[in-house]
Amino acid sequence: MTMTPFPSNVPACHKMNPSGGLGGIHAIHDAVTLANWISTLRLADEEKLGKVFKKYRNERYPVVKAAFETSQMFTHNFGKNLLSVLVREMMKRIPVWVFKRIIYKMYASRPQASFLPLVEDNAPIKPSYQYSLHKTLAIHKELAEKATGLSTMSNTPVTV
């Protein structure tokens, strides 16, 4: 079987198998990640905007590529050939610990916007690390300190 490579020039268009709901989940993650990075911009600056889109792509592309490949694998669940039958039989006999790992990974994806009040997360499953959230929270803090004159590094530019 030949798999089509994930298109590198279309970061927010996810060709996912619809049965897993991954396209919608990743669209939400894309929107939150991009909004986090854009929220750090203060003026229309084409160079900084270009950097923001690069950071967005660097954060989201590996995750989406892996989800795309997983989605391609799950297309075998619907076929009638021998490979599809084997995949379905394997899925029926998946060990509980593997199933739990899959579920944990699914429920760990809970993006938050850095420019809004953070939602308290009391879920039993720890959320996965969201690079843009932590990085942009630090940028917002630095911008706020500069705006109020509290920063000791007042001439140091904020790097986006």
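The values are calculated or read from the model by the stated rules, or taken from the named source; none is laboratory data. Since the structure is predicted, the reported quantities are computational estimates derived from the model, not experimental observations. Here the Cβ positions follow ideal geometry from the backbone for every residue, glycine too, while neighbour counts run over all protein chains shown. Heads up: the accessible areas ignore ligands, DNA and RNA and are worked out on the full protein's heavy atoms, side chains in. Shrake-Rupley method; radii C 1.70, N 1.55, O 1.52, S 1.80 Å.
Key figures
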| read-out | value |
| --- | --- |
| The lone exception for residue 119 - which of (1) surrounded by 12 or more Cβ atoms within 10 Å (Cβ to Cβ); (2) under 22 Å from residue 31 (Cα atoms); (3) of a type in the set (Val, Ile, Thr) it fails | (1) |
| Among (1) modelled with pLDDT of 90 or more; (2) open to solvent by less than 40 Å² (accessible area, probe 1.4 Å); (3) out of contact with any Ser or Thr (no Cβ under 9 Å at 6 or more places or on another chain) - the single one residue 21 does not satisfy | (1) |
| Among (1) at pLDDT 85 or above; (2) open to solvent by less than 80 Å² (accessible area, probe 1.4 Å), the one test that residue 160 misses | (1) |
| Residue match in the stretch 78-91 (condition: under 25 Å from the mean Cα position of the chain (by Cα) and open to solvent by 60 Å² or more (accessible area, probe 1.4 Å)) | no |
| Residue count for the stretch 45-76, restricted to those that are over 17 Å from the mean Cα position of the chain (by Cα), without any contact (Cβ under 8 Å) to a residue 60 or more places away in the chain and open to solvent by 40 Å² or more (accessible area, probe 1.4 Å) | 7 |
| Test: residue in the stretch 37-44 that is open to solvent by 40 Å² or more (accessible area, probe 1.4 Å) and modelled with pLDDT of 85 or more | yes |
